[in-house]
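Working notes, beginning with the structure itself.
The values are calculated or read from the model by the stated rules, or taken from the named source; none is laboratory data. Since the model is a prediction, treat every value here as computed from it, not as a measurement. These area figures cover heavy atoms from the full protein model, side chains too; ligands, DNA and RNA do not enter into them. Shrake-Rupley method; radii C 1.70, N 1.55, O 1.52, S 1.80 Å.
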Amino acid sequence: MLAEITAMLVETVGDEFLLAEEVTLETTFNEDLALESIEFVALAELLQRRYGAAVDLIAFLAEKDMEEILAMTVGDLVTHIAGGPAPASASATAPAA
């Protein structure tokens, strides 16, 4: 799943940017990838095309406060897609899936 998300990120932000950064489960969307809101929207569309309506990135983000969004990692997204509980790096106030 990490490889699929990495491919979607390459499609969203361009491979020349991601070639400088190895994408891991600990990679943050804000600090490491510097994703802008329009890129989150593009990523959300790609995720829904690939995984269906159950993976609604915009709704997932709407449940988080600004600190949680800024700290969100690729691993958080993988966990969301897999339908598992929030990883330990997530805020303790986040509800478990």
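Kirkwood radius and radius of gyration were both taken over the C-alpha atoms of the range 1-73, and their ratio Rg/Rh is 0.93.
Across the protein chains, with a 1.4 Å probe defining accessible surface, the residues 45, 4 rank 45, 4 from largest area downward.
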